[in-house]
Amino acid sequence: MSDTFHSTLPLPGDLASTIDTPALVVDLDAMDRNIAAMAAFARQRGVRLRPHAKMHKSAFVAKLQIAAGAVGVCVQKTSEAEALADAGIDDLYISNEVIDPAKLARIAALAKRVKMAIAVDSTLGIDRLAAAMRSAGAAIDVFVEIDVGQGRCGVEPARAGELARHVVAHGLHVAGLQAYHGGAQHLRTPARRREAIDHATAAVRTALANLAAAGIECPLVTGAGTGTFVLEAASGVWGELQCGSYAFLDRDYADNEPTSDVPAFEHALFVKSQVVSRGDTHAVIDAGHKSHAIDSGLPKVWGRNLIFENGGDEHGILRTRCDTLPELGESVWLVPGHCDPTINLHAYGVGVRGGLVDGLVEAVWRIDARGCVS
């Protein structure tokens, strides 16, 4: 952290007010409460928790989640798994398909160092995975992915047994089913989310029956996200939750209508910005969409009744509803629309404790898997 490029990084003990902008800032008090609430929920419901680290991309947060009770973490990409293994995470699940033989060779090498699991949804993927594991003399857990309504990866539930038999024929271990419905996570009403997960539950039951008919045991069904995990936990079929965004809670998840039995997660992820220009009817801040992702919509201005408008790569435009515009040099805190791609834009996270305005910097950590998209 001493090189010229990172010379503006804060140090532990610095005032939060002195953090250079734009910066990725985490309210550690809120994050700790979020992590504790999800861990307690999983314990109370008797399900395992394996948070998705593709959200925060950092061993710093993953280690906190594991210390709170998580069994390990999920990732989506081979390079994410490598980055987190290098940073000390020793139980990783690539909840995604990998087809490329060169990547599978890298996964096999990882599986000799740490506990690894992977999802499959094709005989070709299984053939290549088995070849890589044999070549390296490595072992890996295999989850058969089924399509439970997302319409993305996964086989039809009625084909789960056929695919699992192919896994077994290669001498690989069937660890269970991957059953994640990403499309259900941001359905705004509880009724629509319940309808989607009821459909997903029926799909899982079909797959379980198909596995049983094929003579294959299913030790675990894994899946669920921050928008629906209460439903999967209550279903009687899922045994592991893969929620990720709960730790930071972006604006898009907060837009969901909550249900009474969901833990009260708080916004913990912010982009700190500063007003660099001021007009009569608007203010301009130094955080454009190089600082926060806009795929799930624009950010919310924290603690102010202001409208954020897209100002391009380097700027955001603020207009007032019934609030006063911030002055030149004033700090403005944004809640990103989508945490995962926002974090991937930053090299470091800054953790503050005691509040965004009056708090102190407690930790600065590298985003270990930043740019790990392969």
**Item:** Inter-probe distance in nm under a simple model that places probes 7 Å from Cα toward Cβ, at ASP295 and VAL168
**Value:** 3.7 nm
**Complete:** Taking the stretch 28-250, the equivalent ellipsoid from its C-alpha gyration tensor has semi-axes in Å, biggest first, of 26, 23, 14
**Request:** Name the shape class, rounded, prolate or oblate, that the alpha-carbon gyration tensor gives for the stretch 298-374, where a ≥ b ≥ c are the square roots of its eigenvalues, rounded holds for a/c under 1.5, and otherwise prolate holds if a/b is larger than b/c and oblate otherwise.
**Result:** oblate
**Request:** List the residues whose amide H sits under 5 Å from the amide H of ALA363, counting only those 5 or more places along or on another chain, with H placed 1.01 Å from N in the peptide plane.
**Result:** GLY351
**Asked** By its C-alpha gyration tensor, with a ≥ b ≥ c as the square roots of the eigenvalues, how is the stretch 73-182 shaped: rounded for a/c under 1.5, else prolate for a/b larger than b/c, else oblate?
**Response** oblate
**Fill in**
Gyration tensor on Cα atoms of the stretch 1-98, a ≥ b ≥ c root eigenvalues, a/c under 1.5 rounded, else prolate if a/b beats b/c, else oblate, says oblate
**Request:** Considering only DSSP beta bridges where both residues belong to the chain, give the percentage that are antiparallel (nearest 5).
**Result:** 50 percent
**Complete:** The ratio Rg/Rh over the Cα atoms of the chain, Rh being the Kirkwood inverse mean 1/r radius, stands at 1.01
**Prompt:** Can you list residues whose amide H is under 5 Å from GLN76's amide H, if they're 5+ apart or on another chain and H is modeled 1.01 Å from N?
**Reply:** LYS54
**Complete:** Diffing the stretch 329-339: the Karplus 3J(HN,Hα) column from phi (6.51, -1.76, 1.60, θ = phi - 60°), in whole Hz with x for Gly and Pro, holds x, 6, 7, 10, 9, 10, 9, x, x, 9, 6
**HN-Hα J in Hz across the stretch 37-48 - Karplus 6.51, -1.76, 1.60, θ = phi - 60°, x for Gly and Pro** = 5, 5, 4, 5, 4, 4, 4, 5, 8, x, 10, 7
**Fill in**
Residues whose built amide H sits under 5 Å from the amide H of THR320, excluding neighbours closer than 5 in sequence, are ILE307
**Request:** List, in the order given, every pair from LYS77/LYS112; LYS57/LYS115; LYS115/LYS272 whose Cα-Cα distance in the structure shown is over 28 Å.
**Result:** LYS115/LYS272
**Prompt:** Where does the chain land at 222 nm, in deg cm²/dmol rounded to the nearest 500, when only DSSP H runs of n ≥ 4 count, each adding -39500 (n - 2.57), divided by all residues?
**Reply:** -9000 deg cm²/dmol
**Item:** HN-Hα J in Hz across the stretch 240-247 - Karplus 6.51, -1.76, 1.60, θ = phi - 60°, x for Gly and Pro
**Value:** 8, 10, 10, 4, x, 5, 3, 5
**Prompt:** Taking trypsin sites (Lys or Arg not before Pro) as exposed when DSSP calls them loop (any state but H, G, I, E, B) and at most 14 other Cβ atoms lie within 10 Å, what is the longest stretch of the chain free of them, the sites themselves excluded?
**Reply:** 1-111
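Any read-out appearing in this document is the output of simple, stated calculations on the displayed coordinates, not a laboratory observation. Quick caveat: nothing in here was measured; it's all calculated off a predicted structure. Heads up, the Cβs are rebuilt from the backbone with ideal geometry, glycines too, and the neighbour counts pull from every protein chain shown.
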